[in-house]
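Values quoted throughout were computed directly from the atomic coordinates according to the rules given, and no laboratory measurement underlies them. Please read these numbers as outputs of a predicted model, since none were measured by experiment. Virtual Cβ from ideal backbone geometry, glycine too; neighbours counted across all protein chains shown.
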Amino acid sequence: MATITKQDLVDRISDQLSCRKLDTRKIMQRFLEEITEELAKRNRLEFREFGVFEIKYRAPRKARNPQTGDTVDVPAREVVLFKPGRKLKELAERTVSKNGRHENGSTSLTG
Amino acid sequence: MTKADLVERIANSTGLTKKDTAMAVDHLIKAVKDALREGRHIEIRGFGTFKVKQRKSRTARNPRTGEPVQLPPRKVAVFKVSKELKDRISENGLSGS
């Protein structure tokens with residue numbers, strides 16, 4: 001149960017705000033759709049302290065099938081990229097891993 | 001495109017006030033951050049998944065001097081794009097061609 005879904009987010013936000021769940025859901029839905037539409041138009045979206053979503057071009061390249069060694073042509077494509085912002089980077093470093101242990105640093109809680 | 005632009009558009013299309021919309025959007029971003037901090041994955045169907053991933057320590061090079069530098073293991077926030085979003089982007093074709 002480590003995964004949080006859209007519904008969980010809606011619940012959490014509605015609890016924090018005195019907002020009706022229906023409105024929260026509507027806003028979230030619109031929010032995601034707007035981001036998708038903007039990305040489809042190749043626009044970059046910046047959320048201060050959180051991160052940036054943008055589309056990056058990937059040049060065509062020749063790759064190899066690792067099993068057979070055959071050369072495969074990979075066509076040019078565009079990918080969605082998320083670049084975490086400063087605050088999010090710091091937050092990630094402080095995250096407790098799934099087994100409840102800090103993997104770096106000396107604050108190991110094993111026992 | 002910034003958060004303020006987005007809020008304006010969302011408010012326009014939902015008919016809710018800009019103030020409420022801004023607050024909901026701020027809380028949404030905060031909720032994602034909080035969940036990441038708890039070490040959880042956030043899966044948003046049709047959009048993508050946010051999670052924190054462990055990166056192993058590795059030897060990198062200072063590009064200027066060519067000197068090897070040992071980088072410690074670290075954790076990074078990553079976003080994995082859903083298939084639906086990928087498809088939406090590729091439907092629109094390459095902008096450069």
statement: Expressed in nanometres to one decimal, the distance between label points 7 Å along Cα→Cβ at A:Tyr57 and A:Ala2 is 3.8 nm
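Considering only DSSP states other than H, G, I, E and B, which GluC sites (Glu not before Pro) in the range B:5-51 qualify as loop sites with at most 16 other Cβ atoms within 10 Å? Write out the running numbers ahead of the final one.
Numbers: sites: B:Glu8, B:Glu38, B:Glu43; in loops: B:Glu38.
Passing sites in the range B:5-51 are B:Glu38.
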Linear extension gain, A:Glu37 paired with A:Arg94, 0.36 nm per residue minus alpha-carbon span: 17.2 nm
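Taking Cα pairs under 8 Å and at least six residues apart, what relative contact order does chain B come out at, in percent? Display every interim value, and only then the final one.
Working: 97 pairs, mean separation 18.6, N = 97.
Reported as a whole number, the value is 19 percent.
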- request: Using the Karplus curve 6.51 cos²θ - 1.76 cosθ + 1.60 with θ = phi - 60°, work out ³J(HN,Hα) for each residue of the range A:59-67 in order, rounded to whole Hz, and write x for Gly and Pro.
  value: 5, x, 8, 9, 10, 10, 6, x, 7
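With r as the distance between the Cβ atoms of A:Lys83 and B:Gln70 and R0 = 25 Å, compute the FRET efficiency 1/(1 + (r/R0)^6) and round to 0.05. Can you show the working numbers first?
Numbers: r = 24 Å, r/R0 = 0.98.
E between B:Gln70 and A:Lys83, to the nearest 0.05, is 0.55.
Out of the trypsin sites (Lys or Arg not before Pro) in the range B:1-93, which ones are loop residues according to DSSP with at most 10 other C-beta atoms within 10 Å? Present the calculation step by step, with values, prior to reporting the outcome.
Details: sites: B:Lys3, B:Arg9, B:Lys18, B:Lys19, B:Lys30, B:Lys33, B:Arg37, B:Arg40, B:Arg45, B:Lys51, B:Lys53, B:Arg55, B:Lys56, B:Arg58, B:Arg61, B:Arg64, B:Arg74, B:Lys75, B:Lys80, B:Lys83, B:Lys86, B:Arg88; in loops: B:Arg40, B:Arg45, B:Lys56, B:Arg64.
The qualifying sites are B:Lys56, B:Arg64.
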query: Across the residues of A:89-96, average count of Cβ atoms on other protein chains within 10 Å?
result: 6
task: Neighbouring Cβ atoms within 10 Å as the yardstick, rank B:Val76, B:Val7, B:Val81 fewest first.
output: B:Val76, B:Val81, B:Val7
